[in-house]
Amino acid sequence: MFFQMHQPNKSEELPCLHLQNSSNVKIHQDRLTVTYTGKGQNLADIACVRGSHSIRPLSPTSPVYYFEVKINITLQRPTLYVGLIDESFQLSKYPGASKRSYGIKADGKVYHNSTQGRDFCQKFASGDVIGCGIIFDTQEIFFTKNGVFLGSAFKGIEPIEYYPAVALLTPQESVTFNFSGPFTYDVDSLSVKEATRIDNEVLSENISSSELHELVHDYLKYNGYYQTLLNFPNLNPKLPAAEPVSLSKQRSYSGRVSEKVGSIDINPECEKCEKAQKICEECLRQIMQNVEPVSPIKVPLTSPFGSRQNSMSDTFSFDRCNSIDLSSLYMKNNETVIEEPEIPEPPLENLEETKIRSEIRQLIMQGLIREARDLIVMNYPALESNEECIISLHVQEFIEIIKKGEPYTALDYAKRYLASFREKTVFCRKDVDLSVFVWEIIGLLCYNKPEESVLGYLLMPSQREVTADVVNRNIVNLSELAVCKLDVVMKQMLALQALYMEKQLRASDSQFNLLI
């Protein structure tokens, strides 16, 4: 569940008190001060007033909402409540009396869905300034008193639409709301602290450099930056993770096979070898079967190794012997043989198609639109019927003619190629990408100095870039590289920003940017 979005009435410039029909309170002309006028005999006489606006961030980048209430007049009996309520809250109750309300009483106790309060701070008196706020990210409510932070009273609150509220029960009791500041409490410092904490949490996330590498690689390939891609290291294919080698399976023994017979596959879990800490007869027989005899060395096959000596001939009996070259088999303690897996070379990437798109982009960026169109027709004939691509190229050619200072030639070109598309739109780049009617672009003909006109942005290099982007996108839509992964990441980020605004920022009129 997310904090519900609230669209405030544009005619209400600043928050104030919500007007209500009640014989127990009087809302003064400033619509910030309220005085209790009821009998105040029991809880049935209580009167609650709320703000006209639901809670919202103090600024576009602040994760905090805050308001203050100055107690003008209060008697010895602590019956004043300050807190937050939902829209359906009955104004004949006090904040904290229901499940969707939270409040603090003048006796220093806090209330939520209960008639029994919890001790929180010292009592309030006349002249005190009580503050109440909410930190959207952590969903906690805090209170302040005379500019001092009292702490968080409630955490994990239900994320719904809340309103600031005060309940009064004592005759002549009066308070004044402060919704907009300046505040007694330094809430700006709290906002900075919370925003910094959120930023640090984001920056502390671990990301894979290989994934960033892949995103950049895909972006360069998608947009046809061929020369840059040539200098960009190719990605290794994703290999299945190798099974970790247990140290208990790495056998260490007093005999080792050198490179000559190093590829012989012997049982790495041989219990006999492990027990004797040497090569057993069975493993030795397997080795001998794979070694080419060169010079006779007598090694018994019917008796195990004896104790290690400098000379092998001193350690073996020679009852039944085979002649075999074991010059590559020698005695060495604590020697472990680990065969490293062979990593296949990454396949060579075919960038021929990327190279063609790169050439088309370069031609457009140089203003050579006809040459770019010829290259497109030669390699991608299917785009001859692509309306978006055709219009964008014709518009860019028209702009290039204008830039050359040839208005009559541009007029003839517009009549011939743009007249039938005058009600169509194309993308133009003016800080951001805009959708502009073709007939508006033809309006460049109306200016003696079009570069100084309101349409002057069309003559900037950025317009060539957006045309190249449109053409490139239509080309890749013909291939398997139809989606740029970095575009997907950005779209997901925008969706996340929208959810964040809905959940955390509530009803801010200002634009919020999630910085990355």
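The values are calculated or read from the model by the stated rules, or taken from the named source; none is laboratory data. Just so it is clear, the model here is predicted, and its values are computed rather than measured. Positions of Cβ are generated from backbone atoms using ideal geometry, with glycine treated the same way; all protein chains shown enter the neighbour counts. Calculation scope for accessible area: heavy atoms of the full protein, side chains included, ligands and nucleic acids excluded. Shrake-Rupley method; radii C 1.70, N 1.55, O 1.52, S 1.80 Å.
Yes/no per residue for (1) touching a strand residue (DSSP E or B) at 6+ places or on another chain (Cβ under 8 Å); (2) modelled with pLDDT of 95 or more; (3) among the small types (Gly, Ala, Ser); (4) open to solvent by 30 Å² or more (accessible area, probe 1.4 Å):
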residue: Gly38; (1), (2), (3), (4): yes, no, yes, no
residue: Ala44; (1), (2), (3), (4): no, no, yes, yes
residue: Ala47; (1), (2), (3), (4): yes, no, yes, no
residue: Pro57; (1), (2), (3), (4): yes, no, no, no
residue: Pro60; (1), (2), (3), (4): no, no, no, yes
residue: Tyr66; (1), (2), (3), (4): yes, yes, no, no
residue: Ile73; (1), (2), (3), (4): yes, no, no, yes
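Restricting to the stretch 436-456, what's the tally of residues that are among the small types (Gly, Ala, Ser) and open to solvent by 80 Å² or more (accessible area, probe 1.4 Å)?
0
All but one of (1) open to solvent by 10 Å² or more (accessible area, probe 1.4 Å); (2) within 26 Å of Ile198 (Cβ to Cβ) hold for Lys99; state the number of the condition that does not hold. Going through (1) open to solvent by 10 Å² or more (accessible area, probe 1.4 Å); (2) within 26 Å of Ile198 (Cβ to Cβ) one by one, Lys99 breaks only (2). Listed by position, the strands (runs of 3 or more DSSP E) inside the stretch 105-189 whose residues that are in contact (Cβ under 8 Å) with a residue 40 or more places away in the chain number at least 2 are 129-135, 140-145, 148-155, 162-168, 174-178. Restricting attention to the stretch 139-175, the residues being more than 19 Å from Ser88 (Cβ to Cβ) and surrounded by fewer than 16 Cβ atoms within 10 Å (Cβ to Cβ) number 8. Among the residues of the stretch 396-408, just one is without any contact (Cβ under 8 Å) to a residue 24 or more places away in the chain, part of a helix (DSSP H, G or I) and open to solvent by less than 70 Å² (accessible area, probe 1.4 Å), namely Ile401.
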